[in-house]
1. Mind listing just one residue for me: the one in region 35-53 that is more than 9 Å from the ligand (Cβ to nearest atom) and within 24 Å of the chain's Cα centre (by Cα) and, of those, surrounded by the fewest Cβ atoms within 10 Å (Cβ to Cβ)?
2. Could you please find all residues in region 71-84 being small (Gly, Ala, Ser) and either open to solvent by 70 Å² or more (accessible area, probe 1.4 Å) or within 10 Å of the ligand (Cβ to nearest atom) (or both)?
3. Hey, can you tell me all the residues within region 109-128 that are within 13 Å of the ligand (Cβ to nearest atom) and not small (Gly, Ala, Ser)?
4. If you go through region 85-99 one residue at a time, do you hit one that is away from the ligand (no atom under 12 Å from the Cβ), part of a helix (DSSP H, G or I) and of a type outside the set (Lys, Arg)?
5. Of everything in region 196-230, what is closer than 25 Å to GLY126 by Cβ and open to solvent by 60 Å² or more (accessible area, probe 1.4 Å)? Give them in sequence order.
6. Taking the options LYS301, LYS252, LYS297, name whichever one is within 14 Å of the ligand (Cβ to nearest atom), open to solvent by 50 Å² or more (accessible area, probe 1.4 Å) and charged (D, E, K, R).
7. Among what's in region 224-249 and is farther than 17 Å from SER210 by Cα and of a type in the set (Val, Ile, Thr), pick the residue that is nearest to the ligand (Cβ to nearest atom).
Amino acid sequence: MARIGFIGLGNMGSPMVLNLLKAGHVVRAFDLNPAALEASIAGGAVQAPSIADAVADAEFVVTMLPAGEHVRAVWTGADGIIEALRGRNQGPLLMDCSTIDVTSARAVTKAAEDAGLDALDAPVSGGVGGAVAGTLTFMVGGTPEAFARGRPVLADMGKSIVHTGAAGAGQAVKICNNMILAISMTGVAEGFALGVKLGVDPQKIYDVVSVSTGRCWALNDYCPEPGIVLGAPSSKDYVAGFTAALMLKDLKLSQDAAASVDAPTGLGAAATKLFQRTVDAGESAKDFSVIRRWLSKQGRKDVVS
Ligand code: NAD
């Protein structure tokens, strides 16, 4: 049992806190939006009036925030975590589980270490379903010592906890995974767009490709063509799931990172453009597999230059 300060109780953070409480930890929770705290307080968390209060007595601090700017503000701002802990002996381990840019991840870790605090970047895969079930995958960047310290707490929220390297390596693996997923989902959506225009029954496309060399998670488990995989968002009017807006955010992170190290990600760049257009067409809140529906409204010249 540990004392944990948790900041950012949105769609992901809230169920993660419930799993920490179920494991017997004491959680002091802070969110700018008090309504976000309701489920956690009902589950036994203590409402903290400020970041400083949430972390004051903590052995571990977890942040689950939208983007790099929020993590920088919460970790390194004047009212942030590091200032609140400055000078404290035996400070808590700080773990950021948000999906953010590698540069911000490394910057906040350095700021923590400069203040004598251990830190990890520990983004997750598995979505809200995985957060509720406690089956998230954590990709963790940081020193081996910090990883060993944080692992038991992460294991109370997830099933697979992988140390991927030094600071920033968790975020690096996360954006590689999501770039690959966006490319494979786009490929599957294009396969159905082509096959259907050639007059083939989409069920037949699925029956063949799902047992052939084109099979992949985006097709077999999460098919973007409606009415084939009945549990998939496509069969429920593309209710998210993982929104097109969040996928676009992660694709942009992948392309910024690729530019920073001169990595050749042509398909990642193409997927970013297509997801940008899907979001611009009003589909941002739908599941990212909605790229199939957007493609069904395009002609060849609309997407191939
Ligand atoms: P969300 O928007 O539902 O929750 C974010 C929470 O942070 C909100 O409650 C907001 O009020 C709070 N917040 C923002 N700024 C704050 C501040 N300065 N101080 C305190 N609280 C603040 O987002 P989410 O869906 O929970 O996602 C969180 C992170 O996890 C994102 O980086 C996202 O990319 C990543 N992620 C999400 C999913 C998913 O399926 N939703 C899956 C994997 C990873």
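1. The selected residue is GLU38.
2. ALA73, GLY77, ALA78, GLY80 - these are the residues of region 71-84 that are small (Gly, Ala, Ser) and either open to solvent by 70 Å² or more (accessible area, probe 1.4 Å) or within 10 Å of the ligand (Cβ to nearest atom) (or both).
3. Once the filter is applied, which keeps residues that are within 13 Å of the ligand (Cβ to nearest atom) and not small (Gly, Ala, Ser), region 109-128 yields ASP121, PRO123, VAL124, VAL128.
4. yes
5. If the condition is that a residue be closer than 25 Å to GLY126 by Cβ and open to solvent by 60 Å² or more (accessible area, probe 1.4 Å), then ARG215, TRP217, ASP221, PRO226, LEU230 are the ones that fit.
6. LYS252
7. Checked region 224-249; the qualifying residue nearest to the ligand (Cβ to nearest atom) is THR243.
Residues checked against (1) surrounded by fewer than 21 Cβ atoms within 10 Å (Cβ to Cβ); (2) among the charged types (D, E, K, R):
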| site | (1), (2) |
| --- | --- |
| SER260 | yes, no |
| THR265 | yes, no |
| ASP280 | yes, yes |
| GLU283 | yes, yes |
| ASP287 | no, yes |
| ARG293 | yes, yes |
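The values are calculated or read from the model by the stated rules, or taken from the named source; none is laboratory data. Computed from a predicted model, the values in this text were never measured in an experiment. Backbone-built Cβ (ideal geometry, glycine too); neighbour counts: all protein chains shown. Side chains included, ligands, DNA and RNA excluded: accessible areas come from the protein's heavy atoms. Shrake-Rupley method; radii C 1.70, N 1.55, O 1.52, S 1.80 Å.
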